[in-house]
Amino acid sequence: MSSIAVAGANVDTRHWINGERVASAETFTNISPIDGTFLGEISRGSQAEADAAVAAAKAAFPAWAALGPKGRGEILHRIADLVEANIETLSMLETMDNGSLLRSHRRGVMPRVALNIRFFADWAINELHHEAFETRGHSNNISWDPSGVAALITPWNAPLMLATWKIGPALAAGDTVVLKPAEWTPLSASYFADLTKQAGLPDGVFNVVQGFGREVGAALVANPDLARISFTGSVPTAKVIARSAADNLTPISFELGGKSPCIVLEDADLDLAVTLAVEQYDNAGQVCLSGTRILVHENIADAFAKKFREKALQIKQGDPRDEDTDIGPQIHQVHFDRIKGFVDRAKAEGQEFVMGGEPNAELGGLYFKPTLVKNPAPGSEILTAEVFGPVLCMQTFSTDEEAVAMANGTEFGLAAILVSGNRERADRVSKQLVAGTIWVNCFFVRDLKAPFGGSRKSGIGREGGTWSFDFYADVKNTVVSPTGWKE
Ligand code: NAI
Ligand code: MG
């Protein structure tokens, strides 16, 4: 069977290569984390499909590049229109496939998917320019030229949202694309491919290969015909991809994990601090940006902990299709076991669990209770490793300097949340934090114009606004002399 019905929508289970569906002899099983429902058998790509997709993208590149930002923008806006017209279907598909909240897909995520496409299409047309400047009478003229085929490797925690955050700027820059979605969430990318066809995107400009990272993913990133590789996922996989990219000197952009701090200074608005801290359980903790280390000033720690517990215990865990559910299941049994492994080892070490620390027995399946570890031992695994589940650590500090040292005491540097009632103090502390994004008295405000990425092991490079084009395009300077002209 080459297509499956999920939540009333027909989703093709094959690859999308050169504007056509291509099947593999082998398949892999896709299940829903909500209740283990079998969703379908998906084509399991290998070397042949990776090669075919890159060849198609390479062949489609000259014509797509030649269209220019305006020509490309018209088609990209039609794709965004179709995403908007299909928000309900895309939302249901994504919820069935990865277990995140239907209500947030409907209201936030899928509209944002459309915006990812529109924003970068418009940015290429309207904003992507640099004033020419003179050097001894010569003018320097900067342009962002299409670079070739971009391979995009994406994770399962926000599948279509993270994919389009790359697809939008890559296509707007004039690159052609091969997308490899995560094997746990193949559906929304496949459905999106149909929308690109309906929108009139020329064949071969956008391709999707399905399958496992170590198979079709590895074959894809090793292809010498790639101009770019953009990856969001884990540090160990990033190292494998970087080694492979090194052979061809393919430029890479990496957005990796984090163990971000959520710092609550003594002068913080306590209710705001609690609200922001409890939000770190969103998406069942499967968020790269999560502030999983809550650092609270010792003088307010007891009051904070009391309020935190009250609020966190109100989190409603359940079926992500229900309107009143706050957090759903973990993505997959393998990931659930990984999270439980972190928690069980921390228990064996004698760490203090003040909330959760176990699967939700009432719900069964892949539901893990929101968990809080108090004062974990310095250097312990639960405090230093990215758990990527509903597991937060809480520690106390006595001075701002100590808070900064604890916040920065990690190999990561993706984000930091800072809660303070004093602007001058917040400014001073945030200047000392090492992270790609600092949120002061807020969380998750993400403008597509802003640079986004990680410091240290949380990533290489920045995407967003012009930064995206600096990566996906070939930035070129044409220096024109005042002399030598015959007219
Ligand atoms: P992963 O990094 O292995 O997978 C991400 C993507 O990379 C998937 O599409 C996968 O198929 C692909 N991939 C894997 N090996 C590859 C290879 N050799 N060549 C090319 N592509 C390859 O992440 P995984 O195993 O799903 O999750 C493990 C941990 O990674 C999580 O527990 C979490 O800590 C972290 N993670 C971080 C994310 C983020 O947003 N920064 C997203 C997902 C996971
Ligand atoms: Mg799935």
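The values are calculated or read from the model by the stated rules, or taken from the named source; none is laboratory data. The structure presented is a predicted model; accordingly, all values stated were derived computationally and were not measured. As a convention, Cβ positions derive from the backbone with ideal geometry for all residues, glycine included, and neighbour counts pool all protein chains shown.
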| remark: Filtering region 13-31 down to residues that are within 16 Å of ligand 1 (Cβ to nearest atom), in a loop (DSSP other than H, G, I, E, B) and touching a strand residue (DSSP E or B) at 6+ places or on another chain (Cβ under 6 Å) yields 24
| said: Just to be sure before I move on: is residue 273 within 16 Å of ligand 1 (Cβ to nearest atom), at pLDDT 95 or above and of a type in the set (A, V, I, L, M) in the structure I sent? | reply: no
| remark: All-but-one check, residue 188 against (1) within 16 Å of ligand 2 (Cβ to nearest atom); (2) part of a loop (DSSP other than H, G, I, E, B), failing number (2)
| request: Kindly provide the set of residues from region 214-235 that are near ligand 1 (Cβ under 7 Å from one of its atoms) and not charged (D, E, K, R), ordered by number. | output: 217, 218, 220, 221, 231, 232, 233, 234
| message | Can you tell me how many residues within region 374-407 are closer than 26 Å to residue 267 by Cβ and assigned to a strand (DSSP E or B)? | response | 7
| request: Could you list all residues from region 431-452 that are under 24 Å from residue 281 (Cβ atoms) and among the small types (Gly, Ala, Ser)? | output: 435, 436
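Looking at 34, 42, which one is among the hydrophobic types (A, V, I, L, M, F, W, C), in a loop (DSSP other than H, G, I, E, B), within 16 Å of ligand 2 (Cβ to nearest atom) and within 26 Å of the chain's Cα centre (by Cα)?
Answer to the selection: 34.
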| task | Please work out which residue is surrounded by the most Cβ atoms within 10 Å (Cβ to Cβ), limiting yourself to region 320-334 and to residues that are out of contact with any Pro (no Cβ under 7 Å at 6 or more places or on another chain) and over 13 Å from residue 359 (Cα atoms). | result | 320
| Which ones in region 220-244 are surrounded by 21 or more Cβ atoms within 10 Å (Cβ to Cβ) and part of a helix (DSSP H, G or I)? | 220, 221, 238, 241
| request: With respect to residue 431, determine if the residue is touching a helix residue (DSSP H, G or I) at 6+ places or on another chain (Cβ under 8 Å), among the basic types (Lys, Arg) and outside the structural domain of residue 171 (by TED's automatic domain parsing). | output: no
| field | Residue among 183, 94 that alone is outside any loop (DSSP other than H, G, I, E, B), acidic (Asp, Glu) and within 16 Å of ligand 2 (Cβ to nearest atom) | value | 94
| Going by the structure shown, is residue 487 charged (D, E, K, R) and farther than 26 Å from residue 104 by Cα? | yes
| note | Those residues of region 456-478 that are without any contact (Cβ under 8 Å) to a residue 60 or more places away in the chain and surrounded by fewer than 17 Cβ atoms within 10 Å (Cβ to Cβ) come to a total of 1
| query | Which condition does residue 217 not pass, out of (1) touching a residue at least 12 places away in the same chain (Cβ under 8 Å); (2) away from ligand 2 (no atom under 16 Å from the Cβ); (3) over 18 Å from the mean Cα position of the chain (by Cα), if it passes all the others? | reply | (3)
| query | Does region 184-194 contain at least one residue that is within 13 Å of residue 61 (Cβ to Cβ) and under 17 Å from the mean Cα position of the chain (by Cα)? | reply | no
| note | Only one of 429, 434 is among the aliphatic types (A, V, I, L, M) and part of a loop (DSSP other than H, G, I, E, B), namely 434
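Of the residues 158, 227, 222, which single one is under 25 Å from residue 70 (Cα atoms), of a type outside the set (Val, Ile, Thr) and in the same structural domain as residue 32 (by TED's automatic domain parsing)? Can you show your working first?
On the way: 158 fails: under 25 Å from residue 70 (Cα atoms); 222 fails: under 25 Å from residue 70 (Cα atoms).
Answer to the selection: 227.
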| field | residue 252, sole failed condition from (1) among the aliphatic types (A, V, I, L, M); (2) surrounded by 24 or more Cβ atoms within 10 Å (Cβ to Cβ); (3) touching a Phe, Trp or Tyr at 6+ places or on another chain (Cβ under 8 Å) | value | (2)
| said: Can you list residue pairs whose Cβ atoms sit under 8 Å apart, with the first residue in region 52-80 being β-branched (Val, Ile, Thr) and the second being surrounded by fewer than 22 Cβ atoms within 10 Å (Cβ to Cβ) and in a helix (DSSP H, G or I)? Count only pairs 6 or more apart in sequence or on different chains. | reply: 79/195
